[in-house]
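The values are calculated or read from the model by the stated rules, or taken from the named source; none is laboratory data. The structure displayed is predicted, hence computed values, not measured ones. Counting neighbours? That spans all protein chains shown, and the Cβs are built from the backbone with ideal geometry, glycine included.
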Amino acid sequence: MHKTQVFIGAPGDHFRTRLTHTLEVAQIARTIGRALGLNEDLIEAIGMGHDLGHTPFGHAGERALATLVPGFRHNEQSLRVVDQLERDGHGLNLTEPVRNGILRHSKSRASLAGEMAGTPSTLEGQVLKIADGVAYLNHDLDDSLRAGVIQDEDIPTVVLKVLGSRHSIRMTRWSPTSWNPRT
């Protein structure tokens, strides 16, 4: 719960933690899945497990740990947590689509649908993968603004054009009913 998403010991209670990120990802993914008629329970199960193996301090922490433990990947650690560490080493009895979605949710820095960990085998897993990127991009920007690390005028115009000028706009920009990939 206290693993930070980006900031160390952030002041106040409005900065994202790994727990709030996980809940937000699941919420975004369920909303998209509902609009597409997908299995919302499968989406939520993947969402709840997708970052269990993450280090503190987000991807920066993952990169730091990977220098000490070559090949460390949080998505693989998440699968290890649910398969081997939960229930005192007995693991959880999860379906293959949930396990696959957890393992394959990671993306490359170049694209929200990037192939760093492969493509999830279900549409639900693919939706979760994209929702994870939408959540962390928007929330990291929001937390950075809130912390005063950056100011509104520091955000490149192209980013504002694509994502929107306010958090509420950025989140609804990605809703299934309003998103247009051509804009």
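Residues in region 96-125 that are at pLDDT 95 or above and loosely packed, with under 12 Cβ neighbours inside 10 Å: 1 in all. Listed residues ALA147, ALA135; which is modelled with pLDDT under 90 and surrounded by fewer than 17 Cβ atoms within 10 Å (Cβ to Cβ)? One residue alone meets the criteria, ALA147.
If you check GLU24, GLU62, GLU40, GLU44, which single one turns out to be surrounded by fewer than 23 Cβ atoms within 10 Å (Cβ to Cβ), in contact with a helix residue (DSSP H, G or I) (Cβ under 8 Å, 6 or more places away or on another chain) and touching a residue at least 60 places away in the same chain (Cβ under 8 Å)? One residue alone meets the criteria, GLU24. The residues of region 147-172 that are within 24 Å of GLY47 (Cβ to Cβ) and not hydrophobic (A, V, I, L, M, F, W, C), listed by number, are GLY164, HIS167, SER168, ARG170, THR172. Every residue in region 26-83 that is more than 15 Å from GLN126 (Cα to Cα), of a type in the set (Gly, Ala, Ser) and out of contact with any Ser or Thr (no Cβ under 8 Å at 6 or more places or on another chain), please. Once the filter is applied, which keeps residues that are more than 15 Å from GLN126 (Cα to Cα), of a type in the set (Gly, Ala, Ser) and out of contact with any Ser or Thr (no Cβ under 8 Å at 6 or more places or on another chain), region 26-83 yields ALA60, ALA66, GLY71, SER78. For region 150-183, filtered to residues that are of a type in the set (Lys, Arg) and within 15 Å of THR31 (Cβ to Cβ), the residue that is modelled with the highest pLDDT is ARG170. Taking first residues from region 154-170 that are under 17 Å from ASP143 (Cβ atoms) and partners that are charged (D, E, K, R) and modelled with pLDDT under 80, the Cβ contacts under 7 Å between residues at least 6 apart in sequence or on separate chains come to LEU163/ARG170; LEU163/ARG173; GLY164/ARG170; GLY164/ARG173.
Criterion first (modelled with pLDDT of 90 or more and farther than 17 Å from ALA131 by Cβ) does ALA26 satisfy it?
Values: modelled with pLDDT of 90 or more: yes; farther than 17 Å from ALA131 by Cβ: no.
Answer is no for this residue.
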